[in-house]
Number of protein chains: 2
Amino acid sequence: MRVADIGEFGLIERLAGIVAAERSDVLVGVGDDAAVLADHEGDLLLATVDSHLEYIHFLPYLLSPAQLGRRALVVNLSDIAAMGGQPRFALVSLRLPADQQVEWVEEFYRGMRAEADRAGVAIVGGNITRSPAGVGVDITVLGRVRREHLLLRSGARVGDMLLVTGDVGAAFAGLQLAFKPRLPVPAALREELISRYIAPEPRLAEAAIIAHSGQASAMLDVSDGLSSDIGHLCERSGVGVQVQAAQLPIAAATQQVAEALGVPAWRLALAGGDDYGLCFTAPPAAVAALREEIGRETGTSITAVGEIRPAEQGRHVLLPDGQVVPLAASGWQHFGTADA
Amino acid sequence: MRVADIGEFGLIERLAGIVAAERSDVLVGVGDDAAVLADHEGDLLLATVDSHLEYIHFLPYLLSPAQLGRRALVVNLSDIAAMGGQPRFALVSLRLPADQQVEWVEEFYRGMRAEADRAGVAIVGGNITRSPAGVGVDITVLGRVRREHLLLRSGARVGDMLLVTGDVGAAFAGLQLAFKPRLPVPAALREELISRYIAPEPRLAEAAIIAHSGQASAMLDVSDGLSSDIGHLCERSGVGVQVQAAQLPIAAATQQVAEALGVPAWRLALAGGDDYGLCFTAPPAAVAALREEIGRETGTSITAVGEIRPAEQGRHVLLPDGQVVPLAASGWQHFGTADA
């Protein structure tokens, strides 16, 4: 059986069985945005790692080295944010072709350093080695969270609202534009959307408010694709969901790209990852206060896009025309398996 | 300027300047076997990451998947040991070609898991992604050390003895045999030495005794190459050294390989890395008690192979014939730069 036959998530599920160990100091191992480790009295340790490989996770002609350094760090900061935590330390493992320019590497590090400083993160070590094929970087980020602020994927309850921060689908629309330079979209919009793909913001401040409120029940970041990520949350929480396509907060620019591509905007938004916004659940009564505080403190909107239902009702999307269709896991998967 | 022009260590030095930050919670950043983080009251957090890439760090035809999984973890456990710490958690970032067999990946994980269990380590997460070229794995290991047991590369003092655990050069001799199958060496020795390369032992128990003794002044593990690693220790400690080639503990099998290769055994031992033994410094008066305790508790020998001298006396090797030559950094460097 080839890896491509079962896909990234199928493989992870098998391997999780091999590594699973009952240990009182491992609160969450494989399966959430980050591992949660009770390595000490008091605060919990969070640990996450993500890869950025040339032509798989990024297009080298699209990102400057500084932008790449920043983005490779942001995707990990976002995982720590999604647990309700604060990032503290980063380790950088870099794989470089022997003929890579040193100036390129230094710019990459400067971009990473600038973002690390913004997030209060110290880059404390790593590894550098020769690469047989293109640039690759793995960043491990360690963070801290107070036990009472920890937000897992597994806490969603029936009756909770499903919410997202900011708008959805913009980064994915930007990626489509990067692949299809001749798509008829005005240059200003093109630039705006591509920059959403290149330079996502880690939602650290928003996540802190959500976690400190004590109101949210589950959270993760939108990285694989919104429908896929909602699926992860439902899977881990043992719940169903009805997403309302008409409620998805989609920027006008993203809608123009969907139109130019000839697909409904909601479909593009549900398929799209790379936004690194937050997706979370909270009881209906908590939404207004959260919206007010997050808006006031960060300027970021939050939008209810669906409702958590009992597992036996399944995972569905209510389309704008009233049809109800299954929530396809239409996000990005490595190894190119068919959507689940 | 290309990366190959300045080499791995030249590049790390430049990048260390970009990431260096004055933070009271970062006791040691770039430059030792692991980062040392005061993330809490009490114990210190240790964090390290290392890469294993096909055809760069390992030969896929030489190691079974389980052996590879074990070895990829051991090189990181060894870094935690070299700080005087205990490993606790591991994150695994795996890059796989789409046509990799799932059974291969599962065997890889089983090998890793067996070693993790032996070392008391929980595998708590990671990342899996498609690789454009061969298998690659990065493992991050987190550990703990009590502040009073921490052993850095930087603590060696003039007059200290330079010591190593076990014998040196065997893994490197094994690697030579793997590359040169026609070298006239008996089959049993060949197998023994190749297995020293394939399946190094992390010296966790020995490191714990050395750290708990309170007698050692500096420590690191032998990974890049013994002379190169001794150079790192001297550099970070601001000291010189005289290594006595005749004192190097070289197994009879390693000596046979050196003979077959037509090089002096001490040269092979000094050039060789991959042993993952410990190299440490301690005052002469402490050596006998350390030797006795380590021998009794672990069965491992320790050997004094040189003496720490003032920096202005430089770094030298006293050869068996009485000649004194500079300690060349003859270990392995990525990017293939000339030896420093």
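The values are calculated or read from the model by the stated rules, or taken from the named source; none is laboratory data. Not measured: the values here are computed from a predicted model. FYI the Cβ positions are ideal-geometry reconstructions off the backbone, even for glycines, and counts take in every protein chain you see. Heavy atoms of the whole protein, side chains included, go into the accessibility calculation; ligands, DNA and RNA do not. Shrake-Rupley method; radii C 1.70, N 1.55, O 1.52, S 1.80 Å.
Ranking A:Ala311, A:Gln244, A:Gly262 by how far each Cα lies toward the positive end of the dipole of the range A:210-338 (charges on Cβ) leaves A:Ala311 at the top. Tell me what chain B gives for mean residue ellipticity at 222 nm when only DSSP H runs of n ≥ 4 count, each as -39,500 (n - 2.57), the sum divided by the residue total, rounded to 500 deg cm²/dmol. Helix-only estimate at 222 nm: -11500 deg cm²/dmol. For chain A, averaging the sequence separation of C-alpha pairs within contact (under 8 Å, six or more residues apart) and dividing by the residue count gives a relative contact order of 21 percent. Taking amide H as placed 1.01 Å from N in the peptide plane, B:Leu327 has its amide H under 5 Å from the amide H of B:Arg315, B:His316, B:Val317, each at least 5 places away in sequence or on another chain.
Comparing B:Asp79, B:Asp138, B:Asp25 in a Gaussian network model of chain B, where Cα atoms under 10 Å apart are tied by springs, the biggest mean-square fluctuation is seen for B:Asp25.
Evaluate peptide A:113-123: per residue, the Cβ atoms of other protein chains within 10 Å of its Cβ; return the mean as an integer. Walk me through the numbers before you get to the answer.
On the way: counts 5, 0, 0, 2, 1, 0, 0, 1, 2, 10, 10.
Per-residue shielding by partner chains comes out at 3.
Counting Lys and Arg as +1 and Asp and Glu as -1, each charge on the Cβ, what is the dipole of the range A:44-170 about the Cα centre in debye, to the nearest 20? Mind dumping the intermediate values first?
Numbers: 13 positive and 13 negative charges, 97 e Å.
That gives a dipole near 460 debye.
The distance separating the Cα centre of the range B:17-32 from that of the range B:125-193 comes to 25 Å. Of the trypsin sites (Lys or Arg not before Pro) found in the range A:108-192, those that fall in a DSSP loop while having at most 16 other beta-carbon atoms within 10 Å are A:Arg146, A:Arg157, A:Arg182.
When Rg and the Kirkwood Rh are both derived from Cα coordinates, the Rg/Rh ratio for the protein assembly as shown amounts to 1.01. When chain B is described by a simple charge dipole with +1 on each Lys and Arg Cβ and -1 on each Asp and Glu Cβ, the residue from B:Leu152, B:Ser51, B:Ala207 located farthest towards its positive end is B:Ser51.
Kindly identify chain A as rounded, prolate or oblate by the Cα gyration tensor criterion: order the square roots of the eigenvalues as a ≥ b ≥ c, call it rounded if a/c is under 1.5, otherwise compare a/b with b/c, prolate if a/b is larger, else oblate. Rounded, because the longest to shortest axis ratio a/c is under 1.5. Around the Cα centre of chain A, unit charges on the Cβ atoms of Lys, Arg, Asp and Glu (plus for the first two, minus for the last two) sum to a dipole of about 220 debye. Evaluated with a Cβ-only charge set (Lys, Arg +1; Asp, Glu -1), the protein assembly as shown carries a dipole of roughly 400 debye about its Cα centre, given to the nearest 20. Placing a label point 7 Å from the Cα of B:Ser213 along the Cα-to-Cβ direction, the residues of the range B:288-309 whose backbone N falls under 17 Å from that point are B:288-308. Using θ = phi - 60° in the Karplus curve 6.51 cos²θ - 1.76 cosθ + 1.60, the 3J(HN,Hα) couplings for the range A:142-156 round to 10, x, 10, 8, 6, 3, 7, 9, 4, 10, 9, 6, 8, x, 5 Hz; x is entered for Gly and Pro.
Excluding ligands, DNA and RNA, what is the accessible area buried between chains A and B, summed over both sides, using a 1.4 Å probe, to the nearest 100 Å²? That pair hides around 6300 Å² of surface in total.
For the range B:113-119, 3J(HN,Hα) computed residue by residue from phi via the Karplus equation (6.51, -1.76, 1.60; θ = phi - 60°) reads 4, 4, 5, 4, 4, 4, 8 Hz, glycine and proline entered as x. Of the residues A:Ser24, A:Pro87, A:Leu11, the one whose Cα sits farthest toward the positive end of the charge dipole of the range A:1-151, with +1 on the Cβ of Lys and Arg and -1 on the Cβ of Asp and Glu, is A:Pro87. Taking all protein chains into account, the per residue accessible area for the range B:1-101 stands at 32 Å² (1.4 Å probe).
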